[in-house]
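Some notes on the structure that comes next.
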Amino acid sequence: MIVLKSKGEIAEMRKAGHIVACVHEALREMIRPGITTAELDSKAAEIIRSYDAIPAFLGYPHNGRNDFPANICASINEELVHGIPNRQRWLEAGDILSLDVGAVYHGWVGDAAWTYPVGEIDAESQRLLDATEGALWAGIAQAREGKRLSDISRAVETYVVGRGFAVVREYTGHGVGRKMHEDPQVLNYVPTGAGRGPLLRAGTTLAIEPMVNAGTWRTRTLSDGWTVITADGQRSAHFEHSIAIVDGQTEILTVV
Ligand code: MG
């Protein structure tokens with residue numbers, strides 16, 4: 001069930017989104033060859049806590065079996081999502097780094113991801129980043145009152161496939177609000193024979209997040225139980241914003 005949010009609730013979500021965006025802004029400045037993903041993780045925690053917020057990914061899903069052990073996800077090159085920040089993992093020039101940041105503020109979640117170049121990157125990696133970011137904006141452009149959920153999915157898929165890349169299928173965007181993952185799932189492709197999906201209404205809040213692979217769409221998970229990599233070892237990119245449909249407009253919540 002899609003939980004619609006009131007304007008007051010969206011105002012709270014805006015604060016959570018702002019904190020997430022501030023973390024991205026700070027981390028972007030720190031990214032350079034030689035820094036470790038653990039240093040980025042520490043900085044993210046420091047900023048989130050300074051706003052009296054909580055890192056949304058830390059300890060997720062809180063079932064005590066293999067809860068996520070860090071504050072943010074840091075995924076390098078062929079790692080697509082859920083990379084665990086590591087004191088032994090130094091960034092190198094030419095890498096691409098996907099940072100996923102979530103914060104909970106007064107019980108409301110903000111969630112945004114971005115893939116950053118580390119120093120100079122090769123032209124094909126840049127093309128992958130451009131295609132994935134472009135797909136995010138194409139998806140957001142469809143997130144309007146009166147559209148259907150599948151309009152977002154189709155826009156993302158069309159943008160990516162038209163540039164010769166593949167959308168990941170096993171991981172998707174999602175509703176966002178009091179919980180990090182709410183209904184609906186926001187697919188980055190349109191399954192064969194699928195209906196048009198629910199109507200998008202005022203008060204809908206979504207995390208739209210294309211994950212795009214240079215090669216096959218298939219993925220696998222490493223033995224740490226978290227890090228997802230591409231099945232063929234080629235690179236992957238991930239761009240995400242949390243958005244709200246409010247007053248007939250699409251508002252991006254994860255902005256500074
Ligand atoms: Mg997300």
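For the stretch 7-252, the dipole from Cβ point charges (+1 on Lys and Arg, -1 on Asp and Glu) about the Cα centre works out to 600 debye, to the nearest 20.
Restriction of the GluC sites (Glu not before Pro) in the stretch 24-113 to DSSP coil positions whose beta-carbon has at most 13 other beta-carbons within 10 angstrom yields 92.
Taking label points 7 Å from Cα along the Cα-to-Cβ direction, residue 148 and residue 218 give a separation of 3.1 nm. In order along the stretch 107-114, the Karplus-derived 3J(HN,Hα) couplings, from 6.51 cos²θ - 1.76 cosθ + 1.60 at θ = phi - 60°, round to x, 10, 9, x, 8, 8, 10, 8 Hz, and Gly and Pro are given as x.
At an R0 of 25 angstrom, the distance between the Cβ atoms of residue 256 and residue 141 translates into a FRET efficiency of 0.75. Along the charge dipole of the chain, Cβ charges K/R +1 and D/E -1, which of 101, 73, 168 sits furthest on the positive end? About the Cα centre, the residue reaching furthest to the positive side is 168. From least to most packed, judged by other beta carbons within 10 angstrom and beginning with the fewest, 122, 111 follow the order 122, 111. Remark: 98, 42 ranked as 42, 98, counting other beta-carbon atoms within 10 Å and listing the fewest first. Computed from label points 7 Å out along Cα-Cβ, the spacing between residue 39 and residue 232 is 3.5 nm. Put in order of Cβ neighbour count within 10 Å, fewest first, the listed residues 241, 18, 106 become 106, 18, 241.
Based on Cα contacts under 8 Å between residues 6+ apart, the chain shows a relative contact order of 24 percent.
Counting lysine pairs in the chain that sit 8 or more residues apart in sequence, or on different chains, and whose Cα atoms lie under 21 Å apart gives 8. The ellipsoid equivalent to the alpha-carbon distribution of the chain has semi-axes of 26, 23, 16 angstrom, derived from the gyration tensor eigenvalues as √(5λ) and listed largest first.
Under the membrane-span-like helix rule (DSSP H runs whose alpha carbons stretch at least 27 Å along the helix axis, mean Kyte-Doolittle hydropathy -0.5 or higher), the chain yields 7-30, 123-142. Here the extension length gained between residue 87 and residue 26 equals 20.1 nm, from 0.36 nm per residue of separation less the Cα-Cα distance. Model label sites at residue 201 and residue 52, defined 7 Å from Cα along the beta-carbon direction, differ in position by 3.3 nm.
Values in this text are rule-based calculations from the coordinates and carry no lab data. What you see is a predicted model, and the numbers here were worked out from it, not measured in a lab. Here the Cβ is made from the backbone with ideal geometry for all residues, glycine too, and neighbour counts use every protein chain on show.
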